[in-house]
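To start, the structure itself, in structure tokens.
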Amino acid sequence: MTIPSELIGSIPRSSELLGAISSHAAGTIDGAALAEARQRAVQDTVRTLESLGSPVVTDGDQAKPSAFTYPVAGAGNVAADGVVIPYADGHTRQLPVLTAGPFRYRANAEQYLRAAQKVATVPVKQSVVAPSLLSLLYPPAGLSGYSREQFLDDVVSGAEADIRGCLDAGAHVVQLDVTEARLAVKLDPSGGVLADFVELNNRVLSRFSPAERARIGVHTDPGNDQGSTHSLDVDYAELLPSFFRLQAGNFYLQLASESDPDRVLAVIADHLPAEARVFVGVTDPVDPRVETPEEVRDRVLGAARHLPAERLGTCDDSGFAPFADDRSISRDSAFAKIRARLEGTAMAAEQLGL
């Protein structure tokens, strides 16, 4: 037995890919050239992760326009002026908004998974957007002839197909990114929005068998964009009891950037569902400083004082660049942090006698 270690998903895009994205936006290269650049970036990402000894890899979201909006990218019935997400440093991100029904996935994550599988020689994990985030695309004023209930039914059906396609294609794990969960507590301290998010995500997760849910995970963090967060000031204790009601087999939790990790670990130990595994964050993508393997080892050993080793894994706190244009951390630094995570986790496992 050992301690499994996985990255969350995104890696900063390669310089070549960033240049190709800019050139495509300027009209100086066509879509085929951009697609070729994306595939080269996927190949480089997978091969670099394997060279670091990562037992599970992702495509690094190299081919996604963002980790959250890939299902509707290029859709004719969305506009750019949706929900605004404020970050602690003052910058914002804005989600798209649906302008007419019906809601349909234009792209599924299976295509990204299969592209990575063509290169990988180890298992491939696939991240997908959570239904709860997609629910924010419906305009508050409603849409004529397309009710919110119809919209949510379509979101649930689309999300199920997105996840099932990846499972059927052989994904090691399908991970729902629920970064909006902690933000929900900030926007609505009563917990009503969070409860709605959990219920909606469980509408999808309940459609899968126990064996399938063992290969499905959910991830939460306080956001990571341009070196800033959107909800790190929210007490984790206000989130985790509800978050652990999600019907998933794996939970991926930001922890390295927490000021009092032992307190959070105590909450995790009290609420972690039976049989579920929790992957705790041991590197912080928001911090440009690269952790040492010894720091990672000590964080893992700290977690093992609260959680059974057989239900413990490690991860990075978040994806390194969920949005394609985020250059707040370099690609080399991201890979260095991943190396430290892998080496530190192995050191901890050895010390624990695993």
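The values are calculated or read from the model by the stated rules, or taken from the named source; none is laboratory data. Predicted model, so just to flag it, every value in this text is computed and none were measured. A quick note on method: Cβ atoms are made from the backbone with ideal geometry, for glycine too, and the neighbour counts reach across all protein chains shown.
Considering only residues that are small (Gly, Ala, Ser) and either within 16 Å of the chain's Cα centre (by Cα) or in a loop (DSSP other than H, G, I, E, B) (or both), look in the stretch 314-349 and name the one that is surrounded by the most Cβ atoms within 10 Å (Cβ to Cβ).
From the stretch 314-349, those small (Gly, Ala, Ser) are 318-319, 321, 324, 328, 330, 333-334, 336, 340, 344, 346, 348-349; that's our starting set.
Checking the rest, the ones that are also either within 16 Å of the chain's Cα centre (by Cα) or in a loop (DSSP other than H, G, I, E, B) (or both) come to 318-319, 321, 324, 328, 330, 334.
On the way: Ser318: 31, Gly319: 28, Ala321: 27, Ala324: 19, Ser328: 17, Ser330: 13, Ala334: 25.
Looking at residues that are small (Gly, Ala, Ser) and either within 16 Å of the chain's Cα centre (by Cα) or in a loop (DSSP other than H, G, I, E, B) (or both), I get Ser318.
In the list Ile21, Ile29, which residue meets the criterion of being assigned to a helix (DSSP H, G or I) and on the phi < 0 side of the Ramachandran plot?
Working: Ile29 fails: assigned to a helix (DSSP H, G or I).
Being assigned to a helix (DSSP H, G or I) and on the phi < 0 side of the Ramachandran plot holds for just one of Ile21, Ile29, which is Ile21.
Give the residue that is surrounded by the fewest Cβ atoms within 10 Å (Cβ to Cβ), with candidates limited to residues of the stretch 84-111 that are free of Cβ contacts under 8 Å to residues at least 60 places away in the same chain and among the aromatic types (Phe, Trp, Tyr).
Restricting to residues being free of Cβ contacts under 8 Å to residues at least 60 places away in the same chain and among the aromatic types (Phe, Trp, Tyr), the top hit is Tyr105.
When you look at Gln126, is it touching a Gly at 6+ places or on another chain (Cβ under 9 Å), modelled with pLDDT of 95 or more and surrounded by 17 or more Cβ atoms within 10 Å (Cβ to Cβ), yes or no? Steps first, answer last, please.
Numbers: touching a Gly at 6+ places or on another chain (Cβ under 9 Å): yes; modelled with pLDDT of 95 or more: yes; surrounded by 17 or more Cβ atoms within 10 Å (Cβ to Cβ): yes.
Against the criterion (touching a Gly at 6+ places or on another chain (Cβ under 9 Å), modelled with pLDDT of 95 or more and surrounded by 17 or more Cβ atoms within 10 Å (Cβ to Cβ)), Gln126 qualifies.
Inside the stretch 129-174, can you point out the residues that are within 21 Å of Leu194 (Cα to Cα), in contact with an Asp or Glu (Cβ under 8 Å, 6 or more places away or on another chain) and not in a helix (DSSP H, G or I)?
Val129, Ala130, listed by residue number.
I want to confirm something. Restricting to the stretch 323-349 and keeping residues that are among the β-branched types (Val, Ile, Thr) and in contact with a strand residue (DSSP E or B) (Cβ under 9 Å, 6 or more places away or on another chain), which single residue is nearest to Glu295 (Cα to Cα)?
It comes out as Thr345.
If a residue has to be aliphatic (A, V, I, L, M) and within 23 Å of Arg106 (Cα to Cα) to count, how many in the stretch 30-71 make the cut?
Residues meeting the conditions: 9.
Quick one: is Asp162 among the acidic types (Asp, Glu) and at pLDDT below 95? Let's see the steps before the verdict.
Values: among the acidic types (Asp, Glu): yes; at pLDDT below 95: no.
So Asp162 fails the test.
Any idea how many residues of the stretch 185-241 are at positive phi and surrounded by fewer than 16 Cβ atoms within 10 Å (Cβ to Cβ)? Walk me through it before giving the result.
Looking only at the stretch 185-241, we keep the residues that are at positive phi, and these are 191, 223, 226-227.
Still in the list and also surrounded by fewer than 16 Cβ atoms within 10 Å (Cβ to Cβ): 191.
Of the residues in the stretch 185-241, 1 are at positive phi and surrounded by fewer than 16 Cβ atoms within 10 Å (Cβ to Cβ).
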